[in-house]
Ligand SMILES: [Zn+2]
Ligand SMILES: [Zn+2]
């Protein structure tokens, strides 16, 4: 069960899944973590915003359900996009099975389509429980590029990312603290790159895609991901306080990621690897 944030923190970030593409529940990978993308953001009043529902959402869901202790409540879940590694924890997300809970999904696509996409991965014969049979109430909210929406005391601004089939990042502000979540993007699209620099400008914490090494990227152009090197350059150009490298490639074991962290810090000193279980306060 997550501990409530200390009263002095304006936003608390907890990483429940940091891996990209597919889980890596293998020896040698678990220091950094094997679950796919799922990040919990807490405001000072306890409001929780979940970013993506990769396999890390399973453990987060149990923690949220334990915290709710059977009382009615709301869970806010913003989806960057609908690739499997951002969605596959959802069928195992305990709040969806809790009567009295409302799970509100935010995504940058129309409401009908959000529901259809969420239903899709739980359709027979992929999963035995249809999305429509879940005990929780579910709501969908279409969000728009550059148009802020509120989640408790947090103001969340979605922005588009350069990724196959599209993806969105989120800039989250509360009491002057700024967190930017930008995963699943590839650098090299001038309009997107400029937009990302602008939206990340002055952020206290930037969580960035960093799937590839520069050598790997040379073989994977167009796959929709960037490098740790580009992430550090972005962090420097945008003047962010801390950079968290995220969406680690499933071929990178703990030792490889340790090397990446060291190299990245040589370019931008305030760089850390996003690690499962890591908590960051703003
Ligand atoms: Zn992904
Ligand atoms: Zn993706």
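Laboratory data are not the source of any read-out in this text; all were calculated from the coordinates shown. Predicted model, so just to flag it, every value in this text is computed and none were measured. Please note: Cβ atoms are built from the backbone with ideal geometry, for glycine as well, and neighbour counts cover all protein chains shown.
Using Cβ contacts closer than 10 Å as the measure, can you line up 84, 228, 223 from fewest to most?
84, 223, 228
Per Stokes-Einstein, at 20 °C and 1.002 mPa s, what whole-number D in µm² s⁻¹ belongs to the chain, with the Kirkwood radius over Cα pairs as the hydrodynamic radius?
115
In degrees, nearest 10, range 0 to 90: what is the angle between the Cα axis of helix 190-200 and the longest Cα principal axis of the chain?
Compared with the principal axis, the helix lies near 70 degrees.
Give me 141, 156, 18 sorted ascending by neighbouring Cβ count inside 10 Å, so fewest comes first.
Exposure proxy ranking, most exposed first: 141, 156, 18.
Could you tell me how many cubic angstrom of Cα convex hull volume the range 58-131 has per residue?
91
Determine Rg/Rh for the range 16-60; Rg is computed over alpha-carbon atoms and Rh is the Kirkwood hydrodynamic estimate from the same atoms.
In the range 16-60, Rg relative to Rh is 1.07.
So for the range 146-268, what percent of the C-alpha to C-alpha distances run longer than 17 Å?
54
Starting with the fewest neighbours, write out 207, 114, 22 ranked by other beta-carbon atoms found within 10 Å of each beta-carbon.
With the fewest neighbours first, 207, 114, 22 line up as 22, 114, 207.
Only Cα pairs within less than 10 Å get springs; with that Gaussian network setup on the chain, which residue of 17, 73, 89 has the largest fluctuation?
73
Could you work out how far helix 57-68 tilts from the main Cα principal axis of the chain, as a 0 to 90 degree angle to the nearest 10?
It is inclined by approximately 50 degrees.
When all C-alpha to C-alpha distances in the range 219-282 are sorted into bins of 10 Å, what percent of pairs does each bin hold, rounded to whole numbers?
So the P(r) values, bin by bin, are 20, 52, 26, 1.
Angle check, please: helix 254-267 long axis (alpha carbons) against the longest principal axis of the chain (alpha carbons), in degrees 0 to 90, nearest 10.
That helix lies at roughly 60 degrees to the long axis.
Between the range 170-196 and the range 48-104, what is the C-alpha centre distance in whole Å?
Result: 23 Å between the Cα centres.
If one computes the Cα centroid of the range 141-156 and of the range 206-258, what distance in Å separates the two points?
26
Cα convex hull of the range 115-179: mean projected area in nm², to one decimal?
That works out to 6.2 nm².
Restricting to Cα pairs below 8 Å that are 6+ residues apart, what does the relative contact order work out to for the chain? Please round to a whole percent.
About 19 percent, as a whole number.
Quick check: convex hull over the Cα atoms of the range 1-149, volume per residue in Å³, rounded to an integer?
Measuring per residue, one finds 124 Å³ for the Cα hull of the range 1-149.
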